[in-house]
Amino acid sequence: EYRDLVCARQVHGSIVRYVSDSDRGRGAFTYDEAIPDTDALVTDIRNVPLAIFTADCLSVFIYDPSVCVIGVVHAGWRGTREGICIKTIKFIRERFRSYAGDLLIRFGPCIRGCCYEVSPEFNGFFPDNVSRKDNKYYFDLAAANKAQLMKAGVKEENILDGLICTSCQNNNYFSFRKEKDKSGRMISVMMLK
């Protein structure tokens with residue numbers, strides 16, 4: 001039910017929040033009612049859809065079938081630098097006694113290393129995920145998050161990545177870097193049935 005949608009007021013940070021049954025519908029109709037200052041939502045409540053919005057940032061879907069918990073993460077470069085995926089895994093592990101090796105992860109579309117031009121300082125933030133081509137630097141946001149997830153104990157074979165670049169495939173996906181202020185947002189939704 002769309003009225004039950006729970007949204008976050010994303011701030012490009014690394015705050016993870018638990019969504020309870022009383023949060024049902026927060027942000028479904030107005031942005032002001034969304035859960036504030038949050039970039040990751042986690043729940044074990046059935047029939048409560050969790051939502052985040054992106055337009056180049058990475059959406060990360062997390063599912064633990066053993067304890068029946070889900071999470072959705074908005075991972076921009078700032079949240080990635082702050083380890084938002086690691087913090088979300090830790091939150092799930094501590095709250096639900098989840099084992100990272102049981103988690104199933106799916107990446108949504110995001111801007112990729114082919115198009116994500118960044119400043120040289122990114123080399124210091126993400127030394128293993130920045131490449132240099134023609135005196136320009138490019139950041140692989142998905143690879144950085146995959147590495148963090150694996151560091152947190154997620155099995156590589158449990159991380160599925162559709163390898164979609166929002167900038168390369170801007171005819172099908174929103175890209176803030178390509179479209180600037182004209183860009184819309186994609187909604188990523190996950191729910192336990």
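Specify the residue that is farthest from VAL72 (Cα to Cα); the eligible residues are those in the stretch 1-14 that are outside any loop (DSSP other than H, G, I, E, B) and open to solvent by less than 80 Å² (accessible area, probe 1.4 Å). Here the answer is ASP4. Looking across ARG106, ARG26, ARG46, ARG17, one residue alone is part of a strand (DSSP E or B) and more than 18 Å from LEU160 (Cβ to Cβ). It is ARG17.
Residue by residue through the stretch 58-97, note down the ones that are closer than 20 Å to LYS193 by Cβ, open to solvent by 10 Å² or more (accessible area, probe 1.4 Å) and not in a helix (DSSP H, G or I). Answer for the stretch 58-97, where residues must be closer than 20 Å to LYS193 by Cβ, open to solvent by 10 Å² or more (accessible area, probe 1.4 Å) and not in a helix (DSSP H, G or I): PHE61, TYR63, PRO65, SER66, VAL67, CYS68.
Just one residue in the set ARG177, ARG112 is touching a Phe, Trp or Tyr at 6+ places or on another chain (Cβ under 9 Å) and open to solvent by 40 Å² or more (accessible area, probe 1.4 Å); that residue is ARG177. Do we have TYR31 as closer than 23 Å to LYS182 by Cα, surrounded by fewer than 21 Cβ atoms within 10 Å (Cβ to Cβ) and hydroxyl-bearing (Ser, Thr, Tyr) here? Answer is yes for this residue. Listed by first and then second residue, the pairs with beta-carbon distance under 6 Å, at least 6 apart or on different chains, first residue in the stretch 52-66 and farther than 22 Å from GLY113 by Cα, second among the small types (Gly, Ala, Ser) and in a loop (DSSP other than H, G, I, E, B), are ASP64/SER98.
Taking each residue of the stretch 14-41 that is polar (S, T, N, Q) and looking for partners that are open to solvent by 30 Å² or more (accessible area, probe 1.4 Å) with beta-carbon atoms closer than 8 Å, six or more apart or interchain, yields SER14/GLU82; SER14/LYS87; SER20/ILE45; THR38/ARG9; THR38/GLN10; THR38/VAL11; THR38/ILE15; THR38/ARG17. Residues in the stretch 159-174 that are under 16 Å from the mean Cα position of the chain (by Cα) and of a type outside the set (Phe, Trp, Tyr) were compared, and the one that is surrounded by the most Cβ atoms within 10 Å (Cβ to Cβ) is THR166. Being under 23 Å from ALA75 (Cβ atoms), modelled with pLDDT of 95 or more and either of a type in the set (Phe, Trp, Tyr) or open to solvent by 10 Å² or more (accessible area, probe 1.4 Å) (or both) is a description that does not apply to VAL42.
The values are calculated or read from the model by the stated rules, or taken from the named source; none is laboratory data. Given the structure is predicted, the values throughout are model-derived calculations rather than measurements. Every residue, glycine as well, gets a Cβ built from its backbone with ideal geometry; the counts of neighbours run over all protein chains shown. Heavy atoms of the whole protein, side chains included, go into the accessibility calculation; ligands, DNA and RNA do not. Shrake-Rupley method; radii C 1.70, N 1.55, O 1.52, S 1.80 Å.
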